[in-house]
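The values are calculated or read from the model by the stated rules, or taken from the named source; none is laboratory data. Computed from a predicted model, the values in this text were never measured in an experiment. Here the Cβ positions follow ideal geometry from the backbone for every residue, glycine too, while neighbour counts run over all protein chains shown.
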Amino acid sequence: MKHASHSPASMLTIHFETFDITPKLLENDKRLRAFWFYWLETARRYDGFKALAKDDIRPESFKGYLEYLTLTEAVNDGADFRYRIYGTGIAKHFGRNMTGALVSDLPPVSAEFQLYFYQQALRKRQPVYMITEGHPNIQVDMWARLCLPVTTSGDRVEMLLNLALPTRLRGTPAQYL
């Protein structure tokens, strides 16, 4: 568990990071809790890890927060990730839709953070929860992020299903759009 750190040094601040996720940890947001319980009910046990099967992911399971989901696919064993789905709520705050784009296409400080976040979940093959600051050029000051491993093959994690919720805003949307 980490608190208020930069990893790596030039990246956005991670205020909290854990792989030890409990419902109590997520009790302040019903969307995070719902996403976590979806994981607990749907994830399957594979040889040495637990993951969602891509074919089991159903958009209707995420009512009330679908617009804050991304689905990323590992590229070159996690050296980069491609956004297969980029939620409209995230795109609204970020200022553009990244569906089809690579994480490395983001502004450098955002790309560095996102790669770190996704690589942690991919490497550990388990969910990761973080509270992080937002990029200074967007309206979101603080994000709560929960990342779940996804498999298409059953023998490794190839994708990640992510819920990224804005938890604190800096100002009005007009100031940032």
Matching strands (runs of 3 or more DSSP E) fully within the range 38-149 where at least 3 residues are modelled with pLDDT of 95 or more = 69-75, 80-86
In the range 37-68, what count of residues is obtained for those that are among the β-branched types (Val, Ile, Thr) and either in contact (Cβ under 8 Å) with a residue 24 or more places away in the chain or out of contact with any strand residue (DSSP E or B) (no Cβ under 7 Å at 6 or more places or on another chain) (or both)?
-> 1
Of all residues in the range 150-177 being modelled with pLDDT of 90 or more and assigned to a strand (DSSP E or B), which is surrounded by the fewest Cβ atoms within 10 Å (Cβ to Cβ)?
-> Thr151
Going through the range 27-36 one residue at a time, which ones are in contact (Cβ under 8 Å) with a residue 40 or more places away in the chain and under 15 Å from the mean Cα position of the chain (by Cα)?
-> Arg31, Leu32, Phe35, Trp36
Scanning the range 50-67 for residues that are of a type in the set (Asp, Glu) and surrounded by 10 or more Cβ atoms within 10 Å (Cβ to Cβ), the one nearest to Val157 (Cα to Cα) turns out to be Asp56
